[in-house]
């Protein structure tokens, strides 16, 4: 498997020319599948090289062939295989004897769900990096907003940040942008913003991070919404309610275990379907 060429081998008795090379264009992949079907091939083994195997996998699967995606590390230590032709013939021989172990490949709905969740996780990582840049800029300018406001990307924090970037410098005016749901008082926020040294160079870099937050969060919400139908289609499991939630003896409040990323993303208890698709198989 490669970015431009695919070398394919069939048993010698199936075709006079048992090893052929095809380009990675869609038309060539279709001709590759036609040749395998004409040779009477029912099952195919291919190396999982990068993402180059995915288009060919989908073409062969659409033709009704059973495709086994194998890890190249399992067979690369055999000496003497220095060319793509020898590599293809060696894989074909091992597959004929049943010595190759197929890697797990999820169903179409699970694969789509995994794509959306990976996209959302990547976006959350990007957002976390921008938040760290914003907090660093606040510290450099001695604007102690993040110690008094729990989330600087919330309503109160973003109002104050946008006002600073717009040129507002009066701490009393900035503190007046406090949302009613903010736990910190107006006086506390005003004291946190006093005597800060606002530097245009830092504000320029700070503004880029703050402007990136809105599209990242919007795209993350879209990815979450698109993944909901797939998560519900995967099946559902019943929550374990035998053990009551733990209780904090001092506060008298229910104390539940911290949620994992998957549980925070959606009600993704539906990820484990009745098809025995386990979470550790969804996440490599």
Original post:
When you go through (1) outside any loop (DSSP other than H, G, I, E, B); (2) within 19 Å of residue 15 (Cβ to Cβ) one by one for residue 41, which number turns out not to apply?
Top reply: (1)
Subject >> Within the stretch 12-24, tally of residues that are assigned to a loop (DSSP other than H, G, I, E, B) and exposed (fewer than 14 other Cβ atoms within 10 Å of the Cβ) >> reply: 2
**OP:** Could you tell me whether residue 2 is in a loop (DSSP other than H, G, I, E, B) and touching a residue at least 60 places away in the same chain (Cβ under 8 Å)?
**Re:** yes
**OP:** For the stretch 100-108, state whether one or more residues are in a loop (DSSP other than H, G, I, E, B), under 16 Å from the mean Cα position of the chain (by Cα) and either modelled with pLDDT of 85 or more or surrounded by fewer than 16 Cβ atoms within 10 Å (Cβ to Cβ) (or both).
**Re:** yes
Subject >> Residue satisfying all of: in the stretch 194-212; in a loop (DSSP other than H, G, I, E, B) and at pLDDT below 75; farthest from residue 158 (Cα to Cα) among these >> reply: 195
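The values are calculated or read from the model by the stated rules, or taken from the named source; none is laboratory data. What you see is a predicted model; the values in this text were computed from it and never measured. As a convention, Cβ positions derive from the backbone with ideal geometry for all residues, glycine included, and neighbour counts pool all protein chains shown.
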